[in-house]
1. Can you confirm whether residue 199 is in contact (Cβ under 8 Å) with a residue 60 or more places away in the chain, under 17 Å from the mean Cα position of the chain (by Cα) and buried (at least 23 other Cβ atoms within 10 Å of the Cβ)?
2. Report, ordered by the first and then the second residue, all pairs with beta carbons closer than 6 Å, sequence separation of six or more or different chains, a first member in the stretch 241-261 that is within 16 Å of residue 55 (Cα to Cα) and free of Cβ contacts under 8 Å to residues at least 40 places away in the same chain, and a second member that is more than 10 Å from the ligand (Cβ to nearest atom) and not in a helix (DSSP H, G or I).
3. Is it fair to say residue 275 is within 16 Å of the ligand (Cβ to nearest atom) and at pLDDT 95 or above?
4. If we scan the stretch 223-230, do we find a residue that is loosely packed, with under 14 Cβ neighbours inside 10 Å, within 16 Å of the ligand (Cβ to nearest atom) and either modelled with pLDDT of 95 or more or farther than 15 Å from residue 58 by Cα (or both)?
5. Which of the residues that make up the stretch 202-222 are within 15 Å of the ligand (Cβ to nearest atom) and either within 22 Å of residue 126 (Cβ to Cβ) or surrounded by 18 or more Cβ atoms within 10 Å (Cβ to Cβ) (or both)?
6. Of the conditions (1) touching a helix residue (DSSP H, G or I) at 6+ places or on another chain (Cβ under 7 Å); (2) touching a residue at least 12 places away in the same chain (Cβ under 8 Å); (3) away from the ligand (no atom under 12 Å from the Cβ), residue 165 clears all except one; give me its number.
7. Please pick out the residue among 52, 84, 93 that is touching a strand residue (DSSP E or B) at 6+ places or on another chain (Cβ under 7 Å) and over 15 Å from residue 15 (Cα atoms).
Ligand SMILES: O=c1ccn([C@@H]2O[C@H](COP(=O)(O)O)[C@@H](O)[C@H]2O)c(=O)[nH]1
């Protein structure tokens with residue numbers, strides 16, 4: 001079995017360092033001339049799959065925009081996940097789960113067990129019940145070649161008050177998360193399966209990302225105001241592990257399939273100009 005970190009490394013070599021989110025905001029559905037209903041949701045996601053499923057390394061459906069339509073919306077998410085995987089992109093479900101360990105086991109089964117209808121390559125997870133509470137996700141991911149991206153320094157301005165608060169030993173909360181995830185990836189090459197979410201909007205915070213050994217997902221590009229050049233400031237010497245992530249910046253080019261592809265190509269070129277060649 002090939003581990004997630006190695007599959008991601010290969011996907012980036014083949015398709016370039018880019019993650020595109022599927023975030024069917026009501027405003028985007030309207031902009032695409034679609035109704036804010038199940039049919040609109042289905043058409044929107046089908047179009048993104050057609051445009052980008054065989055093109056970008058990672059596609060990141062945002063679960064919330066499917067869940068808001070109830071069980072039928074989740075059914076569309078399930079079929080979107082299958083189609084993306086068939087088209088060859090890795091699927092990172094942005095679902096930010098976290099709970100006590102016994103409940104995290106159930107979340108792990110939902111997303112990281114290959115027999116689940118919502119099985120994906122990787123998920124996002126929240127560490128605010130303690131990184132250790134996510135152990136069932138880490139274990140199931142390791143067993144089946146999956147990945148977990150844990151929130152460390154999020155792109156929203158509200159995150160800093162919690163994430164940059166100091167713990168008893170003087171490290172920030174975020175640095176304790178970074179250090180625990182680094183341990184999970186220790187000794188794994190070329191890339192570990194346990195990643196962090198670090199927003200492209202946050203500037204130079206002085207956090208030490210050098211030893212993470214796993215992918216660094218960078219949302220906040222485009223609609224939230226960060227540009228590819230900001231990656232240098234945020235990630236410094238860790239730029240080689242960055243997976244830039246765009247949603248609205250690319251999606252707003254739709255519904256034309258060629259325009260969506262051109263938008264993805266454009267942001268990928270912007271990122272390539274900043275990230276080290278590999
Ligand atoms: O720190 C974080 C973590 C996750 N996100 C998610 O990424 C996308 C961003 O969408 P844009 O349209 O590119 O702004 C969205 O799904 C967020 O929930 C984030 O923005 N920041």
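1. Values: in contact (Cβ under 8 Å) with a residue 60 or more places away in the chain: no; under 17 Å from the mean Cα position of the chain (by Cα): yes; buried (at least 23 other Cβ atoms within 10 Å of the Cβ): yes.
Spelling it out, it is not the case that residue 199 is in contact (Cβ under 8 Å) with a residue 60 or more places away in the chain, under 17 Å from the mean Cα position of the chain (by Cα) and buried (at least 23 other Cβ atoms within 10 Å of the Cβ).
2. Matching pairs, first to second residue: 259/253.
3. Working: within 16 Å of the ligand (Cβ to nearest atom): no; at pLDDT 95 or above: yes.
In short, no.
4. Step one: list which residues in the stretch 223-230 are loosely packed, with under 14 Cβ neighbours inside 10 Å, which gives 225, 229.
With the extra rule that they be within 16 Å of the ligand (Cβ to nearest atom), the set shrinks to 225.
Then keep just the ones that are either modelled with pLDDT of 95 or more or farther than 15 Å from residue 58 by Cα (or both); that gives 225.
Yes: the stretch 223-230 contains one or more residues that are loosely packed, with under 14 Cβ neighbours inside 10 Å, within 16 Å of the ligand (Cβ to nearest atom) and either modelled with pLDDT of 95 or more or farther than 15 Å from residue 58 by Cα (or both).
5. Taking the stretch 202-222 and keeping what is within 15 Å of the ligand (Cβ to nearest atom), we get 202-203, 205, 207, 209, 215-222.
Correct list: 202, 205, 207, 209, 215, 216, 217, 218, 219, 220, 221, 222.
6. In the conditions (1) touching a helix residue (DSSP H, G or I) at 6+ places or on another chain (Cβ under 7 Å); (2) touching a residue at least 12 places away in the same chain (Cβ under 8 Å); (3) away from the ligand (no atom under 12 Å from the Cβ), residue 165 misses (2) alone.
7. Working: 52 fails: over 15 Å from residue 15 (Cα atoms); 84 fails: over 15 Å from residue 15 (Cα atoms).
None of the other options fit; the residue is 93.
For (1) in contact with a helix residue (DSSP H, G or I) (Cβ under 8 Å, 6 or more places away or on another chain); (2) surrounded by fewer than 20 Cβ atoms within 10 Å (Cβ to Cβ); (3) at pLDDT 95 or above, each residue gets a yes or a no:
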residue	(1), (2), (3)
36	yes, yes, yes
41	yes, no, yes
52	yes, no, yes
58	yes, no, yes
71	no, yes, yes
77	yes, no, yes
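The values are calculated or read from the model by the stated rules, or taken from the named source; none is laboratory data. Remember, predicted model here, so these are calculated numbers, not experimental data. Note that each Cβ is placed from the backbone with ideal geometry, even for glycine, and that neighbours are counted across all protein chains shown.
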